[in-house]
1. Restricting to the stretch 38-80, and then to whatever is part of a helix (DSSP H, G or I) and open to solvent by less than 40 Å² (accessible area, probe 1.4 Å), can you tell me which residue is nearest to L24 (Cα to Cα)?
2. Taking strands (runs of 3 or more DSSP E) that do not extend beyond the stretch 174-288, which have at least 3 residues that are hydrophobic (A, V, I, L, M, F, W, C) and open to solvent by 10 Å² or more (accessible area, probe 1.4 Å)?
3. Scan the stretch 110-131 residue by residue and report those that are touching a residue at least 60 places away in the same chain (Cβ under 8 Å) and either surrounded by fewer than 18 Cβ atoms within 10 Å (Cβ to Cβ) or among the basic types (K, R) (or both).
4. In the stretch 1-28, how many are open to solvent by 10 Å² or more (accessible area, probe 1.4 Å), over 15 Å from L148 (Cβ atoms) and in contact with a helix residue (DSSP H, G or I) (Cβ under 6 Å, 6 or more places away or on another chain)?
5. Suppose the filter is farther than 18 Å from A84 by Cβ and in a helix (DSSP H, G or I); does D119 pass it?
6. If you scan the stretch 81-114, which residues turn out to be among the aliphatic types (A, V, I, L, M), within 29 Å of A166 (Cβ to Cβ) and modelled with pLDDT of 95 or more?
7. For K35, only one of the following conditions fails: (1) in contact with a strand residue (DSSP E or B) (Cβ under 6 Å, 6 or more places away or on another chain); (2) basic (K, R); (3) closer than 22 Å to A186 by Cβ. What is its number?
8. Taking R262 as the residue in question, decide whether it is farther than 16 Å from T38 by Cα and over 17 Å from the mean Cα position of the chain (by Cα).
Amino acid sequence: MFKSGYVALIGRPNVGKSTLLNRLMGRKLSIVTPKAQTTRHRIMGILSERSGQMIFLDTPGLMEPRSTLDNSMMHQVRRATADADVVVFMADARDDQCNVAGLARLGDTPAILALNKVDLTIQEKTLPLADQYLRHHPFAAVIPISALTEFNLDTLMQQVRQHLPAGPQLYPDEMISEHPERFFVAEIIREKVFRQFRAEVPYAAAVIITQFVERNRRKDLIAADIVVERASQKGILIGKGGTALKNVGIRARRDIEAFLSRPVYLKLFVRVRPNWRNNATHLRQYGY
């Protein structure tokens, strides 16, 4: 029996959703940083097997919105859970309290509780946390995992397969995502901004690909704007003599070339768009 369906990965910021998606896919699709709320989009990863096809949906971390951008991100979570045939609800195994507010998003969709980061705690601590979650929601399974070390991911996959409905193949075997290459290129650049800068700069930054040209016998040409909200943020991004922006470009180009499997020439520019995170027109232009 061939099974296929959508699997939403939801949970608070920094519980490891993006790391889990990358491990399950066997390649990097979602950017990962130590900072909360790195993921802003619903990232799709298509895993095709002989007996089925799982379409994973990585989502932004559950939170109370404080901007129009935050509302857009929570809309992505709602879309993912509405589309899902199975939900993997992720929690940090080190937490003392369960995320009761987040459970309200599950509805009647079959849900699996994945207690992540068990490599960083002791088993005795995870049992009371699992009991708390089970008192608030009838999870189909509770699985302790470590997305980072890949501990118990085979068990998680078995449970996901078990609860997927019978259905046809939804995407071609060779397809790993519905997002175009330029989307992943923009995400790679944004990841480098998150990793290199502190405070408000990463959260005020958006990346827009303005040129993406494949060239025969020459490096592909990619140009991107990094948009921020204030002139002071632009100065920090560029750095003294342009060194900070150059470092972002060097690190981004290396990962972009690895992702595309071909050499690229990358040009980065910094633009100021005041309060873009609360401007619906800018958000649409930037793909949110």
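1. Residue satisfying both the conditions and the ranking: A80.
2. In the stretch 174-288, 206-213, 264-272 are the strands (runs of 3 or more DSSP E) which contain 3 or more residues that are hydrophobic (A, V, I, L, M, F, W, C) and open to solvent by 10 Å² or more (accessible area, probe 1.4 Å).
3. K117
4. Residues flagged as open to solvent by 10 Å² or more (accessible area, probe 1.4 Å), over 15 Å from L148 (Cβ atoms) and in contact with a helix residue (DSSP H, G or I) (Cβ under 6 Å, 6 or more places away or on another chain) within the stretch 1-28 amount to 1.
5. Yes, satisfied.
6. Those that are among the aliphatic types (A, V, I, L, M), within 29 Å of A166 (Cβ to Cβ) and modelled with pLDDT of 95 or more: A84, V86, V87, V88, M90, A111, I112, L113, A114.
7. (1)
8. In short, yes.
The values are calculated or read from the model by the stated rules, or taken from the named source; none is laboratory data. Values in this document were obtained by computation on a predicted structure and should not be read as measured data. Note that each Cβ is placed from the backbone with ideal geometry, even for glycine, and that neighbours are counted across all protein chains shown. Each accessible area value is taken on the protein alone, full model and side chains, heavy atoms only, with ligands, DNA and RNA left out. Shrake-Rupley method; radii C 1.70, N 1.55, O 1.52, S 1.80 Å.
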